[in-house]
1. How do the helices (runs of 4 or more DSSP H) wholly within the range 136-228 filter down when requiring 2 or more residues that are modelled with pLDDT of 95 or more and closer than 30 Å to residue 43 by Cα: which remain?
2. Just the residues that are within 30 Å of residue 213 (Cα to Cα) and crowded, with 23+ Cβ neighbours inside 10 Å, please, taken from the range 103-123.
3. Within the range 1-47, take every residue that is more than 19 Å from residue 77 (Cα to Cα) and at pLDDT 95 or above and give me the one that is surrounded by the fewest Cβ atoms within 10 Å (Cβ to Cβ).
4. Is it the case that the range 199-212 has a residue that's in contact with a helix residue (DSSP H, G or I) (Cβ under 9 Å, 6 or more places away or on another chain), closer than 16 Å to residue 100 by Cα, in the same structural domain as residue 89 (by TED's automatic domain parsing) and in contact (Cβ under 8 Å) with a residue 60 or more places away in the chain?
């Protein structure tokens with residue numbers, strides 16, 4: 001039996017979830033900017049207390065590893081690593097875009113389709129997004145990348161497949177590619193720690209753990225600090 005605490009802070013979602021043997025038990029989350037540091041540990045405490053689970057009952061901590069918000073990733077990974085050190089528990093990393101894809105795949109009513117590709121998108125700057133393509137079984141089609149969206153984006157895939165775009169970066173894609181009949185958009189998708197469940201359980205069974213001391217988030221791009229207003 002495996003009880004896994006799951007943490008997602010790579011986007012505007014600050015989310016924690018608890019799963020057992022690959023089944024979601026409960027979760028708590030809020031969608032808001034710049035709130036992760038304030039609530040993440042409180043949410044973990046509340047979630048565990050609600051489920052009657054002690055910290056020592058946890059078998060592993062899974063964290064959404066990026067790409068995404070630099071600050072959000074630092075908060076989530078630091079929290080996960082701190083718990084792993086304190087509790088002597090293994091760390092599981094799940095790439096954020098992969099977790100998002102599994103969030104759609106495991107949603108109620110979703111049907112596998114060999115002609116459909118999934119394209120999770122995380123908003124970066126201006127017309128840029130962090131993205132990758134997956135098929136409807138979760139297999140990766142393209143590597144994770146930072147792409148600037150224009151009229152030619154995904155053209156080689158859209159010519160023979162429908163693509164479902166979702167995530168907080170999909171809106172800017174919709175403005176450019178929305179007229180393409182093969183471009184589909186899933187409105188209202190919110191990232192969540194619940195989406196880590198499938199991959200976290202798989203990695204736990206296969207003992208695919210991270211080195212807690214040396215693990216770092218997958219930033220994809222270097223952090224660029226903005227200028228402070230005078």
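The values are calculated or read from the model by the stated rules, or taken from the named source; none is laboratory data. Please read all numbers here as calculations on a predicted model, not as lab measurements. Glycine also receives a Cβ, built like all others from the backbone with ideal geometry; neighbour counts cover every protein chain displayed.
1. 197-205
2. Once the filter is applied, which keeps residues that are within 30 Å of residue 213 (Cα to Cα) and crowded, with 23+ Cβ neighbours inside 10 Å, the range 103-123 yields 103, 120, 121, 122.
3. Filtering the range 1-47 down to residues more than 19 Å from residue 77 (Cα to Cα) leaves 1-2, 20-26, 46.
With the extra rule that they be at pLDDT 95 or above, the set shrinks to 20-26, 46.
Values: 20: 17, 21: 12, 22: 15, 23: 8, 24: 18, 25: 16, 26: 15, 46: 14.
If we take residues in the range 1-47 being more than 19 Å from residue 77 (Cα to Cα) and at pLDDT 95 or above, then 23 is surrounded by the fewest Cβ atoms within 10 Å (Cβ to Cβ).
4. Yes, some residue in the range 199-212 is in contact with a helix residue (DSSP H, G or I) (Cβ under 9 Å, 6 or more places away or on another chain), closer than 16 Å to residue 100 by Cα, in the same structural domain as residue 89 (by TED's automatic domain parsing) and in contact (Cβ under 8 Å) with a residue 60 or more places away in the chain.
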